[in-house]
Amino acid sequence: MKKIVIISGKGGTGKTTMAANFIKIAHGHVAVDCDVDAANLHILLDPSIKKKETFIGGAKAKVTGDCINCGKCEELCRFEAIKDSTTDIKIDKLKCESCEVCVYICPTKAIELTDEKQGEYYISDTKYCSFVHARLDPGAENSGLLVTKIRNISEDIAYQQDKKLIIIDGAPGIGCSVIASLNGVDYALIVTEPTISAISDFKKIYEVAGFFNIESLVCINKFDINLDNTAEIEKFCANRNIEVLGKIPYDEDVPRYLADKKFIIDSADSPAAKEIRNLWHKLEKSLYK
Amino acid sequence: MIISVASGKGGTGKTTIATALALSVGYCQFFDFDVEAPNASFFLKPDIKHIQKVKIKQPVFLTDTDKSFKECAQFCHYNAVAIAGSEVIFFSELCHGCGGCILVGPQGSVREEDVVVGEIRKGMVSPGIEFFMGDLKPGTMRTTEIQNALEKYIEKEKLVIIDCPPGTSCSMVTAVKNSNHCILVTEPTPFGLNDLILSIDLVKELSIPFGVIINRDGIGNSEVENYCSQNNIKLLAKFPYDMNIAKSYSKGEAVISGRPELKEKFLDLANKVIKDKEAE
Amino acid sequence: MKICISSSGTDLDSNVDPRFGRCPYFIIYDTDIDKFEYFENESRNAMGGAGIQAAQFVVNKGISTVISGAIGPNSFKVFNAANINIYSGVTGTVREAIDKLKNGKLVLTPAPDVQSHSGMGRNS
């Protein structure tokens, strides 16, 4: 069973658009949207939810017993989550990292970790495949844990349904959500664009993928808006034996199709569509070589 | 006054707009809180004066004794410590540096060392922009520590502009929570609308006054604009899609560079937001 | 003796799960009394270190043998340190795997599976 994650470093380079179009043309697959705090894939896939579960992300420290204002917890909390412990103790849920040092050290056992609902996850059917997705509550943490959960479920489904491929839409950035979405995949397809910002973030996410021993493949989206920068990306890749699987031209039809919630690969004459189709065929070949 | 510039969806133009605001106003503090993928420095081109490493303390297990570190493995909430026979297997990238190992482990057999998780860079952009950015070391997950270190430099009596990370989870909340006003940047597409609604929910929950900017107007449809008018949401500005601006952006050129009419527009925007705050 | 098998479900007719650290359940079968218990694998939801935590969990259950589709290097270390017999690359149902073990049809796995490979191997 193969797993491919689509990531970018920089947001807005076209991860989800690419992922959605791959999902439409692939066969024998399961899809999962790991961009849990701004999930968009469902907009195109139009899922019917079969199962919905609450995500209990993590427990936060809370004073539930008799605080004697000794101040020990505040002294030891490395995350600045505890304030005014010698007068009127306050624990900042946003800063609490659930380490339980305060729980351990409290002489009167006045602090407990209490479960926090942090989101929901869904197992759905779509026209193309089973689809696992989620929604992290605004401001919630532990997005990495929610990503891990839905990754596990997508694999369970793939094994149950005897599917050979999981297509994962990743999150932007280089933090815990993305790292959780990279876990154990066969390839990371990095979708980048020829802008200074995207190039900087591409190099970072490439480094992160390498750190976790994941092989990267590259796609340069809107490559023709800056040919010098495209050449720079290609040179960077050539120097490191990174395969550039495709270069997608800027195409006004792409946002137009998206605005109508349609798949660009359904366009017969869009130049971007042609390249996306080619790229998918190359990707399939790499996966099953 | 602290103005944050945020967006549910990535790539809508937060950094473009935040940096344009700062350059138009000329005198402010500017913070790039997108410490995982910071880009503002490409457009502001600051003269960096100081680099500060951000460190956490991680455990070092002195295994040349017959002491057991089982307690550390059991205590660790992040699965960063595991025991295989007499060997301790430590996953530095999972460790949050909570100090639990020192507390629960065998006395004297666990010490700590500083581990760099990223850095803060401080500098100046003329005429008078104090520039601050964070940069997370790839492979580590300590976004929080970098942002916390950055937060300490905010001087709320000054005009502060904060470029936020995308999304609606904790790293975005940390960036936005201290602000008096949040500018939500979106694009006129279904993805843009979906994520705008999520980010509006968030800033409302944080009780932060906000307004919306539609960037790259013309590429999609009018659903976002309709949503704003139907829900009494302040539309601060619309910037049409412009291939020339896209090309300038790709080179790292500030969009107001050589576009005085755009600079005026950003100055007006800044003044509008500041006036609204004063009116409250 | 007690055998631990990574499982997709909660009974002996469930399939051997191709994963170890991230499988949904462990079935622990006691050959002395021909009875089994299943456990939910709580380690599977950890961001990292799932394999090793799962390995520690089953070692603490007093097992002598582990059967799975694939076993990564960290779990391998834990099992080696505890002198546990490792059979990976096993497919089929849990019941079939136990029978194969009893009939000497499984081959001990000498080295860990690299994480990205699925459970194809000598024990399929």
**Fill in**
With label points set 7 Å from each Cα along the Cα-to-Cβ direction at residue A:27 and residue B:92, the distance between them in nm comes to 4.7
**Message:** Calculate the FRET efficiency for residue A:282 and residue B:113 from the Cβ-Cβ distance with a Förster distance of 56 Å, rounded to the nearest 0.05.
**Reply:** 0.80
**Computed over segment A:135-288, the ratio Rg/Rh where both radii use C-alpha atoms and Rh is Kirkwood** = 0.97
**Fill in**
Descending packing, highest mean Cβ count within 10 Å first, for A:54-62, B:164-172, C:104-112 is B:164-172, A:54-62, C:104-112
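For peptide A:175-181, compute the average count of partner chain beta-carbon atoms within 10 Å of each residue's beta-carbon. Before the final figure, lay out each step's value.
On the way: counts 14, 12, 5, 2, 8, 3, 0.
Mean partner shielding for this stretch: 6.
Of all beta bridges DSSP finds with both residues in chain B, what is the antiparallel percent, to the nearest 5?
Values: 26 of 54 bridges.
Antiparallel bridges make up about 50 percent of those DSSP assigns within chain B.
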**Request:** Taking 7 Å along the Cα-to-C-beta vector as the label spot, tell me the residue C:10-residue A:215 distance in nanometres, rounded to one decimal.
**Result:** 4.1
**Request:** Two decimals is fine: what is log10 I(q)/I(0) at q = 0.05, 0.11, 0.12 Å⁻¹ for the protein assembly as shown, from a Debye sum with one equal scatterer on every Cα and no solvent?
**Result:** -0.25, -1.18, -1.37
**Complete:** Rounded to whole angstrom, the alpha-carbon centroid of segment B:149-206 lies from that of segment B:33-78 at a distance of 25
**Residue-averaged beta-carbon neighbours from other chains (10 angstrom radius) around B:135-146** = 5
**Asked** Could you list log10 I(q)/I(0) for chain B at q = 0.08, 0.10, 0.11, 0.14 Å⁻¹, which the Debye formula gives when each Cα is one point scatterer?
**Response** -0.41, -0.59, -0.68, -0.95
**Asked** What distance in nm separates the simple spin-label points at residue C:96 and residue B:52, each placed 7 Å from Cα in the Cβ direction?
**Response** 6.2
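I want the local charge near residue B:87. Using Cβ-Cβ distances under 14 Å, sum +1 for each Lys or Arg and -1 for each Asp or Glu among the other residues. Provide the component values of the computation, followed by the final result.
Working: positive: B:67, B:70, C:77; negative: B:64, B:66.
Result for the neighbourhood of residue B:87: +1.
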**Item:** Computed over segment B:18-114: relative contact order in percent, which uses C-alpha pairs under 8 Å that are six or more apart
**Value:** 30
**Asked** Rg(Cα) of segment C:2-102 divided by 2.2 N^0.38 Å?
**Response** 0.93
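Would you list the membrane-span-like helices of chain B, meaning whole DSSP H runs whose alpha-carbon atoms span at least 18 Å along their axis and whose mean Kyte-Doolittle value is at least 1.0? Present the calculation step by step, with values, prior to reporting the outcome.
Working: long enough: B:190-205 (23 Å, 0.66); B:260-279 (28 Å, -0.78).
Span-like helices here: none at all.
How big is the B-A contact in terms of buried accessible area, both chains counted, 1.4 Å probe, rounded to the nearest 100 Å²?
On the way: alone 13840 and 14280 Å², together 23270 Å².
Chains B and A together bury approximately 4800 Å².
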**Prompt:** What is the helix-to-structure angle for A:271-287, meaning the angle in degrees between its Cα long axis and the longest Cα principal axis of chain A, kept from 0 to 90 and rounded to the nearest 10?
**Reply:** 70
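Looking only at chain A, where both bridge partners belong to it, what percent of the DSSP beta bridges are antiparallel (to the nearest 5)? Can you show the working numbers first?
Values: 23 of 51 bridges.
In chain A, DSSP labels about 45 percent of beta bridges as antiparallel.
If you restrict to DSSP beta bridges whose two residues both lie in the protein assembly as shown, what percentage is antiparallel, to the nearest 5?
Details: 63 of 125 bridges.
Counting DSSP beta bridges with both partners in the protein assembly as shown, the antiparallel share is about 50 percent.
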**Message:** Over all directions, the average projected area of the alpha-carbon convex hull for chain A comes to how many nm²?
**Reply:** 17.2
**Message:** Please compute the length gained on full extension between residue A:232 and residue A:207, using 0.36 nm multiplied by the number of residues separating them and subtracting their Cα-Cα distance.
**Reply:** 7.3 nm
**Residue of B:126, B:92, B:250 that the Gaussian network model of chain B assigns the largest fluctuation, springs spanning Cα pairs under 10 Å** = B:250
**Item:** Within-13-Å neighbourhood charge of residue A:263 [Cβ basis; K, R +1; D, E -1]
**Value:** +2
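The values are calculated or read from the model by the stated rules, or taken from the named source; none is laboratory data. Quick caveat: nothing in here was measured; it's all calculated off a predicted structure. Please note: Cβ atoms are built from the backbone with ideal geometry, for glycine as well, and neighbour counts cover all protein chains shown. In case anyone asks, the SASA skips ligands and DNA or RNA and just uses the protein heavy atoms, side chains included. Shrake-Rupley method; radii C 1.70, N 1.55, O 1.52, S 1.80 Å.
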